[in-house]
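Since the structure comes first, as structure tokens, the remarks are kept for the end.
The values are calculated or read from the model by the stated rules, or taken from the named source; none is laboratory data. None of these values were measured; they are calculated from a predicted model. Here the Cβ positions follow ideal geometry from the backbone for every residue, glycine too, while neighbour counts run over all protein chains shown. Accessible surface is based on the protein model in full, side chains and every heavy atom, while ligands, DNA and RNA are left aside. Shrake-Rupley method; radii C 1.70, N 1.55, O 1.52, S 1.80 Å.
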Amino acid sequence: MITIKGLSKAVQSTTLIENINLDLEPGKILGIIGPSGNGKTTLLLCLAGLLPFEKGRITIGDRSIAAEESNTDKESLWAFRKKSGIVFQHLHLFPHLTVLGNIIEAPVHVNKIPKADAEREARRLLKKLEIEQHMNKFPEELSGGEQQRVAILRAIAMNPEVLLLDEPTSALDPIRSGDVRNLIREFANSGHTVVIVSHSVRFLRGMADYLAFMGKSELIEMDTADTLMANPKDPRTREFLRFSEVN
Amino acid sequence: MNSLTAFARPVLRWGGDPSGGAPYVFADPSDPQTYTGFDYEFAEALADKMGMQAQFVPTDWESIVSSLKRKEFNVIINGFEPTGDRAREMLFSKPYYLFRLQLTVRKSDGTITSLEDCKKYGKSVGTLVNCAASRLLEEGKYRVKGYQDPVGAYEDLELGRVDAVLMDVAGEMFYARSNPKLKPAGKPFQTGAYVVGIRKADASLKADIDKAIDELINDGTIEKIFRKWNLWDDEQVKLRTATPPAIEITTTKLNWSEGLIKLFKAAMITVLLAFGAMFIAVILGIPLAVGQSNGGPLIRALCTTYIEFFRGTPVLVQLLFLYFGLPVIGITLPGWLTAIVGLGLNYAAYESQIYRTAFQAIPERQWQVAYSLGMRPILAFRRIIFPQAFRIALPPMTNDFVALFKDTSTAFAIAVWELATAYRELANATQSYLGIGIVVCCYYLAMSLPLAHYAHRLERKLQRKSTGILSSGAEK
Ligand SMILES: Nc1ncnc2c1ncn2[C@@H]1O[C@H](COP(=O)(O)OP(=O)(O)OP(=O)(O)O)[C@@H](O)[C@H]1O
Ligand SMILES: [Mg+2]
């Protein structure tokens with residue numbers, strides 16, 4: 001479960017996101033769409049507890065961070081960070097670790113899961129996305145799509161309450177993106193909350209339960225995916241959807 | 001003997017090698033408890049003239065100079081020749097005997113009439129190691145065979161193991177002249193001098209000795225001694241005029257096996273310097289890098305000043321400064337420690353910059369990913385950041401280590417007996433700049449090449465992973 005109340009973030013005098021409010025129940029997938037440079041990544045970083053913000057409060061399950069706290073109480077910040085897992089737009093795999101090493105690093109060293117168990121689980125996940133043959137390669141040796149899947153598995157392996165994905169399909173072909181969709185869906189069905197930022201309305205359609213449109217720095221509207229798609233209220237949403245249908 | 005005078009007079013301790021030492025100084029065959037020889041008699045006369053009591057200290061010819069330096073005795077009296085390399089570390093009295101060299105061949109020999117013949121016909125020449133004759137032969141590129149004592153040399157000549165023997169006339173007279181199987185070839189040639197060897201600090205002793213020698217020459221004592229040993233010749237009249245010994249241009253013969261061992265020891269010191277300095281540099285580089293990156297304004301300024309100072313001034317000057325400057329404020333370190341500390345301080349400046357560059361090369365997002373996976377800063381640093389930075393830093397650090405190996409040679413400036421110093425000393429003493437130089441370079445290469453090779457391999461091995469850092473770090 002995610003609750004965002006009055007979240008604002010600025011860098012110096014530039015507003016990156018302004019007064020974001022949002023509620024999302026467990027087991028649901030929220031897709032966030034919107035033009036480039038509107039603050040989608042910034043929102044995800046705040047949600048992940050990686051970016052201090054000036055105003056508001058974010059709650060994930062039984063943990064929350066507030067504007068003031070995020071700079072001070074390290075313990076609760078660390079606890080909050082464990083609530084979510086994030087897949088970055090540019091992945092940032094650990095270049096010094098193999099595929100398997102990337103996935104089991106945190107389970108073994110943060111959650112103290114025995115290495116053999118962590119590896120078994122990692123293999124299961126890799127098999128699901130059909131990249132288990134690359135298990136012992138280094139990120140550099142993988143294609144973009146393969147790297148993307150490894151990054152998703154690295155986040156999922158920690159079994160976070162919330163999974164945050166920033167453009168998870170940018171390097172995936174249709175079949176691969178189908179595999180990834182299934183995995184994400186499955187992850188949500190097992191009671192996790194998922195937030196996906198994507199330019200691809202096609203990817204989100206049929207998977208996202210809710211859709212939110214991000215205008216310049218603010219959340220313009222949010223509704224069930226079907227409603228927002230069929231009947232967007234704001235003209236900016238309408239215009240964005242029309243363009244993404246064409247492309 | 002005269003115990004009363006022995007008590008009353010100060011003692012002049014003189015060193016000489018009595019083994020195979022006839023006619024210089026040797027155990028008296030008729031009374032093996034006592035010594036005799038012209039050097040023995042000369043030493044007695046000299047001490048007497050100086051109002052002192054001579055005391056003979058048997059020593060080893062090879063290490064006679066260092067024994068003098070270690071003050072095992074006051075002077076060397078042992079057919080001692082003034083040479084250029086010795087002149088650098090000690091004083092010489094004026095000559096008390098002028099020797100010449102005599103070539104000896106077998107009586108049956110019809111070809112060799114001079115030293116030139118030996119070369120012309122490719123004949124081998126025997127001589128004593130580390131003396132004027134051996135140096136002459138060494139320089140002339142003769143086929144030389146070195147001997148520890150004259151007996152062995154003349155014996156081998158008799159037996160045909162060597163074709164000629166070149167020796168001081170003193171030795172030749174004593175050992176060969178009366179041998180019916182041998183004969184002199186040509187006339188004596190090449191004048192050299194026997195002098196008394198004195199420590200550099202004992203200038204007043206030298207003055208006393210010179211004065212005494214003058215008197216011994218003038219009152220005929222020296223002539224009496226050498227006539228008794230059948231060594232007086234016309235050459236000796238020059239003693240009255242030849243005041244300071246002409247330092248001859250010939251040099252000591254290089255004993256290669258000994259030289260290699262000496263160089264090996266020096267190489268070990270070089271290794272010690274390099275490892276010690278690198279250890280300091282690697283450790284000290286950390287606070288410098290952290291201070292310069294994350295410290296407050298004062299710390300930052302201090303670290304930057306340190307780094308710019310040590311990178312901006314020559315390491316040689318830094319070493320000299322530490323070596324001669326620190327004692328002024330009461331800190332006196334031995335040379336080797338000064339070299340380790342100085343090079344360590346210097347290289348710490350460079351290592352700190354390698355660390356900084358390495359950590360700056362790790363994108364901020366790597367920290368964020370680690371945090372998002374629930375890692376705390378220390379774990380994130382240990383498992384994610386450090387290994388990547390280490391891979392980036394290791395090749396340049398290894399390169400620095402190779403450079404440091406070579407920079408240890410600057411320690412010669414503060415008299416540390418490392419490879420470069422050893423090279424200078426050995427080559428100076430032997431004039432074998434090329435041969436020893438090649439060996440010294442080989443030692444350096446033997447140490448630095450494996451390191452350089454390792455650095456190169458490491459670089460290639462890690463290249464893959466470091467480009468990985470760049471490609472997935474393009475976002476920021
Ligand atoms: N650290 C920062 N300092 C200043 N401005 C920033 C910083 N980070 C992001 N921005 C700006 O904030 C705005 C929002 O950035 P953000 O990355 O959140 O956009 P986005 O919606 O994810 O875009 P895209 O769809 O292209 O990924 C951009 O204009 C960006 O230039
Ligand atoms: Mg973005």
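Listed here are the residues, each with its yes/no results for (1) at pLDDT below 85; (2) open to solvent by 10 Å² or more (accessible area, probe 1.4 Å).
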site: B:Asp39; (1), (2): no, no
site: B:Ala54; (1), (2): no, yes
site: B:Pro58; (1), (2): no, yes
site: B:Arg70; (1), (2): yes, yes
site: B:Val105; (1), (2): no, no
site: B:Lys119; (1), (2): no, yes
- Task: Report, by residue number, each residue of the range B:141-184 that is over 22 Å from B:Phe38 (Cα atoms) and part of a helix (DSSP H, G or I).
- Result: B:Glu155, B:Asp156, B:Leu157, B:Glu158, B:Leu159
- If the Cβ limit is 9 Å and pairs must be 6+ apart or interchain, which residue in the range A:175-191 that is within 16 Å of A:Val201 (Cα to Cα) pairs with which residue that is among the hydroxyl-bearing types (Ser, Thr, Tyr)? A:Ser177/A:Thr169; A:Ser177/A:Ser200; A:Val180/A:Thr169; A:Arg181/A:Thr169
- Item | Matching residues, the range A:32-55, being buried (at least 19 other Cβ atoms within 10 Å of the Cβ), more than 14 Å from every other protein chain (Cβ to nearest Cβ) and more than 16 Å from ligand 2 (Cβ to nearest atom) | A:Phe53
- Task: Considering each residue of the range B:192-233, count those that are among the basic types (Lys, Arg) and part of a strand (DSSP E or B), and give that number.
- Result: 1
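Sort through B:Thr221, B:Thr191 and tell me the only one that's among the β-branched types (Val, Ile, Thr) and open to solvent by 60 Å² or more (accessible area, probe 1.4 Å).
Numbers: B:Thr221 fails: open to solvent by 60 Å² or more (accessible area, probe 1.4 Å).
Step by step, each of B:Thr221, B:Thr191 is checked, and only B:Thr191 is among the β-branched types (Val, Ile, Thr) and open to solvent by 60 Å² or more (accessible area, probe 1.4 Å).
I need the full set of residues from the range A:208-221 which are under 17 Å from the mean Cα position of the chain (by Cα) and either buried (at least 20 other Cβ atoms within 10 Å of the Cβ) or not assigned by TED's automatic domain parsing to the domain that holds A:Asp23 (or both), in order please. Give the steps one after another, and end with the answer.
To start, the set of residues in the range A:208-221 that are under 17 Å from the mean Cα position of the chain (by Cα) comprises A:208-214, A:219.
Matches in the range A:208-221: A:Ala208, A:Tyr210, A:Leu211, A:Ala212, A:Phe213, A:Met214, A:Leu219.
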- Item | Set A:Ile65, A:Ile58: member being more than 16 Å from ligand 2 (Cβ to nearest atom), farther than 28 Å from A:Pro232 by Cβ, outside the structural domain of A:Glu130 (by TED's automatic domain parsing) and part of a strand (DSSP E or B) | A:Ile65
- Item | Selected residue [open to solvent by 20 Å² or more (accessible area, probe 1.4 Å) and assigned to a helix (DSSP H, G or I)] from B:Leu404, B:Leu394 | B:Leu394
- Specify which of the listed residues (A:Gln89, A:Gln12) is within 13 Å of ligand 1 (Cβ to nearest atom) and within 14 Å of another protein chain (Cβ to nearest Cβ). A:Gln89
- So, of the residues in the range A:32-55 that are of a type in the set (D, E, K, R) and not in a strand (DSSP E or B), which turns out to be nearest to ligand 1 (Cβ to nearest atom)? A:Lys40
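Of B:Ile280, B:Ile269, which residue is in contact with a helix residue (DSSP H, G or I) (Cβ under 6 Å, 6 or more places away or on another chain) and in a helix (DSSP H, G or I)?
Details: B:Ile269 fails: in contact with a helix residue (DSSP H, G or I) (Cβ under 6 Å, 6 or more places away or on another chain).
Of B:Ile280, B:Ile269, the one residue that is in contact with a helix residue (DSSP H, G or I) (Cβ under 6 Å, 6 or more places away or on another chain) and in a helix (DSSP H, G or I) is B:Ile280.
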- Message: Looking for something aliphatic (A, V, I, L, M), over 30 Å from A:His134 (Cβ atoms) and part of a loop (DSSP other than H, G, I, E, B) - is there at least one such residue anywhere in the range A:79-97?
- Response: no
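Residue-wise test of (1) on the phi < 0 side of the Ramachandran plot; (2) more than 14 Å from chain A (Cβ to nearest Cβ); (3) buried (at least 20 other Cβ atoms within 10 Å of the Cβ).
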residue	(1), (2), (3)
B:Pro327	yes, yes, no
B:Trp336	yes, yes, no
B:Gly342	yes, yes, yes
B:Leu345	yes, yes, yes
B:Ala348	yes, yes, yes
B:Glu351	yes, yes, yes
B:Arg356	yes, yes, no
B:Ala361	yes, no, no
- Item | Condition check for A:Ile29: within 14 Å of chain B (Cβ to nearest Cβ), away from ligand 1 (no atom under 16 Å from the Cβ), open to solvent by less than 30 Å² (accessible area, probe 1.4 Å) and within 25 Å of A:Asn182 (Cβ to Cβ) | no
- Here are some conditions: (1) more than 8 Å from chain B (Cβ to nearest Cβ); (2) within 26 Å of A:Glu18 (Cβ to Cβ); (3) open to solvent by 10 Å² or more (accessible area, probe 1.4 Å); (4) touching a residue at least 24 places away in the same chain (Cβ under 8 Å). A:Thr98 meets all but one. Which one does it not meet? (2)
- Output for Cβ contacts, cut-off 8 Å, separation at least six or different chains, first residue in the same structural domain as B:Gln360 (by TED's automatic domain parsing) in the range B:372-384, second open to solvent by 70 Å² or more (accessible area, probe 1.4 Å), reads B:Gly374/A:Lys82
- Quick one: would you say B:Ile414 is within 24 Å of B:Phe310 (Cα to Cα), open to solvent by less than 10 Å² (accessible area, probe 1.4 Å) and modelled with pLDDT under 90? yes
- Note on the structure: Restricting attention to the range A:56-95, the residues that are surrounded by 20 or more Cβ atoms within 10 Å (Cβ to Cβ), in contact (Cβ under 8 Å) with a residue 24 or more places away in the chain and of a type in the set (Val, Ile, Thr) number exactly 4
- Message: Can you find a residue that is more than 30 Å from A:Val201 (Cβ to Cβ) and either within 16 Å of ligand 2 (Cβ to nearest atom) or outside any helix (DSSP H, G or I) (or both) anywhere in the range A:99-107?
- Response: no
- Message: Please verify whether A:Gly206 is more than 16 Å from ligand 2 (Cβ to nearest atom) and within 14 Å of chain B (Cβ to nearest Cβ), treating the condition exactly as stated.
- Response: no
- Item | Residue in the range A:144-167 that is surrounded by the fewest Cβ atoms within 10 Å (Cβ to Cβ), counting only those that are over 19 Å from A:Gly61 (Cα atoms) and within 16 Å of ligand 2 (Cβ to nearest atom) | A:Glu167
- Item | Residues that are open to solvent by 10 Å² or more (accessible area, probe 1.4 Å) and either within 13 Å of ligand 2 (Cβ to nearest atom) or within 14 Å of chain B (Cβ to nearest Cβ) (or both), drawn from the range A:15-26 | A:Leu16
- Message: Can you tell me which condition B:Arg135 does not meet? The list is (1) closer than 30 Å to B:Lys224 by Cβ; (2) not in a strand (DSSP E or B), and all the others hold.
- Response: (1)
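Yes/no per residue for (1) among the hydroxyl-bearing types (Ser, Thr, Tyr); (2) farther than 28 Å from B:Leu68 by Cα; (3) within 34 Å of the chain's Cα centre (by Cα):
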{"position": "B:Asp168", "(1), (2), (3)": "no, no, yes"}
{"position": "B:Lys187", "(1), (2), (3)": "no, yes, no"}
{"position": "B:Ile198", "(1), (2), (3)": "no, no, yes"}
{"position": "B:Ala203", "(1), (2), (3)": "no, no, yes"}
{"position": "B:Ile217", "(1), (2), (3)": "no, no, no"}
{"position": "B:Arg227", "(1), (2), (3)": "no, yes, no"}
{"position": "B:Asn230", "(1), (2), (3)": "no, yes, no"}
- Query: Assuming B:Gln190 fulfils every condition listed in (1) modelled with pLDDT under 80; (2) in contact with a helix residue (DSSP H, G or I) (Cβ under 9 Å, 6 or more places away or on another chain) apart from one, which condition is it?
  - Reply: (1)
- Here are some conditions: (1) free of Cβ contacts under 8 Å to residues at least 40 places away in the same chain; (2) open to solvent by less than 60 Å² (accessible area, probe 1.4 Å); (3) outside any helix (DSSP H, G or I). A:Lys112 meets all but one. Which one does it not meet? (2)
- When the range B:75-116 is checked residue by residue, the ones that are touching a residue at least 24 places away in the same chain (Cβ under 8 Å) and among the acidic types (Asp, Glu) are B:Glu81, B:Asp85, B:Glu89, B:Asp109
